[in-house]
Each structure stands twice: as structure tokens, then as C-alpha cells.
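The values are calculated or read from the model by the stated rules, or taken from the named source; none is laboratory data. The structure displayed is predicted, hence computed values, not measured ones. All Cβ positions, even for glycine, are placed from backbone atoms using ideal geometry, and neighbour counts span all protein chains on display.
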Amino acid sequence: MAFTDDLLEASEIIRSAESVTIISHIDADGIASEAILKEAIEREKTPCESVFLRQLEPLMMKWVPKDDSLKLFVDLGAGQQNLIEEHGLSYDEVLILDHHIGQPAKIEYRQVNCLPYGITKLSAAGIAYLVAREMNDANRDLAKLAVVGNVGDMMAREGCGLIGPAREIALDGVEAGNVMAISHDLNCYGLSTRPVHICLSYSDDPVLPGISNNPNGAQIFLERLGIRLRDPEGQWRVWEDLSPEERRTIASALVEQLVAHGESVDRLFGESYIFPDEARKSPLRNASEYATLLNACGRWTRPAIGSAVCRGDRGLVYQQAEEMLRHHRSVIRELFQYIIRTGVTRTENFQWIHTQDQFPDTIVGIGAGMALSKLDRRLPIMVFCTLPDDPDVVKVSMRTVDRVVRSGIDLQAALCEASALVGGAGGGHAIAAGAYIPAGTEETFVRRIDEILACQSAQGTKNS
Ligand SMILES: [Mn+2]
């Protein structure tokens with residue numbers, strides 16, 4: 001069977017269902033996936049309910065209803081088919097759309113998964129969209145949400161843009177008229193909402209000499225190039241406000257700056273995805289900022305608000321979403337300041353801090369990444385924190401930068417190996433990974449990670 005056959009089969013299963021329950025994940029990809037499917041299913045006039053879960057684990061299964069509806073698992077399920085089976089769901093009432101590694105159970109549930117076809121840069125929202133498009137060609141307007149899910153799940157990170165089927169989906173959006181794919185744009189977060197000098201000063205991949213972490217330096221850099229920082233009304237201008245000439249001037253000056261410091265310019269540019277149907281300077285204006293808004297809703301346990309925004313609410317619900325985004329950012333800022341103020345413990349090969357129960361576990365990874373920009377970037381950072389609902393488990397988040405990954409460091413491999421040794425489990429990517437470990441094993445864990453990173457770095461030196 002080909003991937004397209006799986007998509008077609010899934011679309012037929014959904015179309016023939018009397019009613020559907022979508023079970024999805026609370027992150028940007030999960031919320032975008034749910035919104036795409038809910039919209040497509042309601043367009044078919046089929047009743048549809050949604051359940052959002054932080055994770056598909058035994059304690060959460062009680063939220064999965066036992067009724068006659070088709071249980072449509074999305075962005076989760078592939079690795080938890082045994083739980084679905086233990087919950088008593090039969091073959092006929094389950095469909096899984098996922099992009100995580102599968103774990104077979106006795107019942108082989110019907111599933112669309114891109115991984116067996118060698119497609120690794122496609123998120124669940126991408127799969128959900130491809131299924132929705134099979135259901136009805138008129139669902140092509142939903143490609144925009146799939147772009148948000150793909151970007152939110154870091155599918156554009158490695159290649160500085162979406163590739164393969166995820167990029168084809170973006171082009172569907174371009175054709176539908178609600179996506180613009182801007183190639184060779186600045187590879188920076190906040191192109192639609194942050195004042196240009198702030199936007200540049202936040203760049204950490206690549207690090208811009210004299211500009212990253214230095215808003216004043218960024219301001220002087222732009223003024224020297226003759227770029228007006230404010231518009232005639234006195235408002236800060238964002239990257240999207242600049243003319244093509246101004247953008248080119250800045251881009252070539254940045255290239256010069258990097259080359260002068262012997263740095264690579266590879267990651268300076270990337271393809272960005274702008275949504276022309278959203279208000280300028282709104283956080284919904286481009287894919288990465290849209291994804292942050294959805295993550296904020298999910299991490300503060302209001303994924304349904306994110307879903308309503310995806311499905312078009314720009315009124316009261318949208319205001320709540322914006323409020324959550326503000327809150328999200330201010331707590332992350334607090335965490336960031338806490339890490340800098342408290343200081344990290346350095347080992348030979350990385351640096352770490354335990355934030356205990358001071359901050360929600362759902363944001364420590366983001367805070368860790370931000371703190372790294374103020375710390376010694378050559379060493380990966382690890383943050384431990386406790387979980388509000390489980391005293392026996394400690395969450396671990398680790399972050400590093402591209403240059404360290406290129407030297408041979410793989411945080412996903414390190415966390416998987418070390419957490420298995422202490423009876424936990426880990427996952428993620430080379431540049432950003434996480435794990436859950438038994439409380440009390442932190443000290444051993446730190447030692448193990450230090451050894452593994454030492455090995456990786458020795459291996460990397462040998463290979464280069
Ligand atoms: Mn996902």
C-alpha cells in the first residue's frame with residue numbers, strides 16, 4: 001500500500017462514520033490537527049466532539065468515551081495502541097493519524113502514519129490535512145492550519161523551511177490564497193510582531209556577532225544602514241513592514257558581519273510562511289508565531305480556545321487566546337530570569353539547574369532554550385522540574401545550539417540512553433530533547449549524561 005492509499009482509506013472511514021470523537025494532543029500540532037479534522041467533519045454534517053490530552057497514558061484514558069462514535073486519535077495513539085486496546089476499543093471504532101513511532105498491540109488498529117513511508121518531516125496536522133483533502137477538495141483552505149502544525153512541530157527547523165509533502169501542503173495554501181511562502185526570508189522568530197532590532201537581537205541560530213542578545217547593538221547596526229526603526233506614526237516597525245530594498249540591505253550587512261567573524265551564513269535565511277488573511281502585526285500573521293499562540297493555549301490547559309481561533313474566532317475567544325499568550329510569555333521571562341539569577345551548575349560537558357515546582361513543567365524547555373542564549377552556549381543546558389500531579393516523576397528538558405549538534409552532540413540519544421539507565425524514558429531531537437525519570441535519580445542521571453556527552457564529543461572530534 002502507498003501512503004496515498006492510506007489517506008484515501010482514512011477519509012472513507014471518517015466519511016462513513018455516524019459520529020466522531022477526536023482525541024488529540026495539547027500542543028500546537030495537536031490543536032491544529034484537531035481543528036482541521038473538526039472543520040472537515042462538520043462540513044460533512046457529521047456530529048463531532050473533541051477531547052484534548054496532555055499525553056495518552058493510563059490515567060488519561062478515562063477521558064476517551066466508550067460510545068458508538070468513531071474514535072479518531074491524532075498526533076498520539078501510534079505508540080499507545082496497547083492502552084487503546086486495554087480501554088476496550090474494538091478494531092472498527094478506532095482510527096489513528098500519527099507521526100510518532102508505532103508500538104504494535106494485539107489489535108492492529110487502522111492507522112495513517114508517515115514514518116513507515118520514510119516521511120520524517122511531516123506533522124500530524126499535515127496528515128490530518130491530507131486526509132481532509134481526500135474527504136473533500138474544498139478543504140484546501142485548511143492547508144494553512146497544517147502549515148502552523150508543521151512549523152509548530154519544528155518540521156521547518158533543520159532545513160530552514162518545510163520540505164517534501166509538508167512543503168507541498170504549504171503550496172496548497174498558497175493556491176488557496178491564505179498562505180504566502182517567502183523564500184530566502186530572514187530565519188528569525190517574530191518577523192510579524194517584534195520591532196526589527198528586538199527581532200534580530202533574539203536570533204540565536206545563527207548567533208549574530210554584536211547583535212544577538214544585544215538590542216542596543218542591533219539598533220546601532222540598523223541605524224548605520226540608514227533603516228528607520230519607527231514608522232511616521234512613531235510605532236516600531238517590524239520586519240514585515242520593511243521594503244524589499246531595506247530587507248536586502250540588512251541581509252547583505254548580516255552576511256558581511258558573519259563572514260567577517262568566520263561564521264557560516266547557512267542558517268541566516270529560510271522560507272517563512274505568512275498568512276495574508278490575518279491582520280498585520282497580529283500573532284496569527286505567520287506560522288511560527290501562530291504556533292506559539294496555540295502552544296500558549298495548550299500549555300495553560302485551554303486547547304479548545306486555540307482550536308476555536310484556528311476555526312476562525314477573532315472575537316472574545318481570540319482575546320482570551322491573546323491574554324494566554326501574554327501570560328505564557330511573562331512566565332517564560334520569569335523562568336528565564338530565575339535561571340540566570342540562580343545560576344547553573346557546570347559539569348565537564350553541560351550545565352544544569354533544578355527548578356523544583358517553581359514553574360509549570362510545560363514551559364521549562366522553552367525557558368531553558370532562552371537561558372542558554374545568556375549562558376555558555378558551548379555547553380548544553382538541562383533543566384529538571386517536578387510534575388504538579390506526580391511526585392514520583394521528574395521532568396528533564398535539554399537544549400543546545402546548532403553548532404554543538406554539528407560537533408557530534410545528540411541530546412535525544414543522550415537522554416534516551418541515560419533515562420533508560422535510571423528507569424525513565426526520553427525522546428526528542430538532537431538539538432532539543434526531554435525525558436521523564438524517577439524522582440531521586442537526578443544525581444546519577446547528571447553523571448550519566450556527562451559521560452555520554454563526553455563520548456559523543458570525542459566521537460565527533462574523531463569524525464571531523
Ligand atoms: Mn505532532
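Structure values in brief
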item: Filter result (within 23 Å of the chain's Cα centre (by Cα) and either in a helix (DSSP H, G or I) or more than 30 Å from ARG314 (Cβ to Cβ) (or both)) within segment 262-286; result: ASP266, ARG267, LEU268, PHE269
item: Meets criteria (more than 16 Å from the ligand (Cβ to nearest atom) and either touching a Ser or Thr at 6+ places or on another chain (Cβ under 9 Å) or acidic (Asp, Glu) (or both)) for VAL74; result: no
item: Residue pairs meeting the criteria (Cβ under 6 Å; at least 6 apart or on separate chains; first farther than 16 Å from ARG110 by Cβ, in segment 74-91; second within 16 Å of the ligand (Cβ to nearest atom) and of a type in the set (Asp, Glu)); result: ASP75/ASP29
item: Filter result for GLU158 (surrounded by fewer than 20 Cβ atoms within 10 Å (Cβ to Cβ), over 19 Å from ILE23 (Cα atoms), at pLDDT 95 or above and of a type outside the set (A, V, I, L, M)); result: no
item: Residue within segment 90-98 that is surrounded by 14 or more Cβ atoms within 10 Å (Cβ to Cβ), at pLDDT 95 or above, within 14 Å of the ligand (Cβ to nearest atom) and assigned to a helix (DSSP H, G or I) present; result: no
item: Residues satisfying the stated conditions in segment 51-64, i.e. part of a loop (DSSP other than H, G, I, E, B) and either modelled with pLDDT of 95 or more or surrounded by 13 or more Cβ atoms within 10 Å (Cβ to Cβ) (or both); result: ARG54, LEU56, VAL64
item: Lone unmet requirement of (1) touching a Leu at 6+ places or on another chain (Cβ under 6 Å); (2) modelled with pLDDT of 95 or more; (3) within 14 Å of the ligand (Cβ to nearest atom) for SER33; result: (1)
item: Those residues of segment 240-269 which are under 23 Å from LEU162 (Cα atoms) and crowded, with 21+ Cβ neighbours inside 10 Å, in sequence order; result: LEU268
item: Qualifying residue in segment 249-261 (condition: farther than 30 Å from ASP75 by Cα and under 27 Å from the mean Cα position of the chain (by Cα)); result: yes
item: Candidates LEU7, LEU76, filtered to the one that is buried (at least 17 other Cβ atoms within 10 Å of the Cβ), in contact with a helix residue (DSSP H, G or I) (Cβ under 8 Å, 6 or more places away or on another chain) and part of a loop (DSSP other than H, G, I, E, B); result: LEU76
item: Residue count, segment 440-457 (criterion: surrounded by fewer than 16 Cβ atoms within 10 Å (Cβ to Cβ) and of a type outside the set (Asp, Glu)); result: 5
item: Residue, surrounded by the fewest Cβ atoms within 10 Å (Cβ to Cβ), within segment 13-50, restricted to residues that are in a loop (DSSP other than H, G, I, E, B) and of a type outside the set (Gly, Ala, Ser); result: LYS45
item: Hits in segment 272-291 (condition: in contact (Cβ under 8 Å) with a residue 60 or more places away in the chain and touching a Leu at 6+ places or on another chain (Cβ under 7 Å)); result: SER272, PHE275, PRO283, ASN286, TYR290
item: Subset of segment 121-153 (residues that are within 16 Å of the ligand (Cβ to nearest atom), in a helix (DSSP H, G or I) and not aliphatic (A, V, I, L, M)); result: GLY126, TYR129, GLY149, ASN150, GLY152
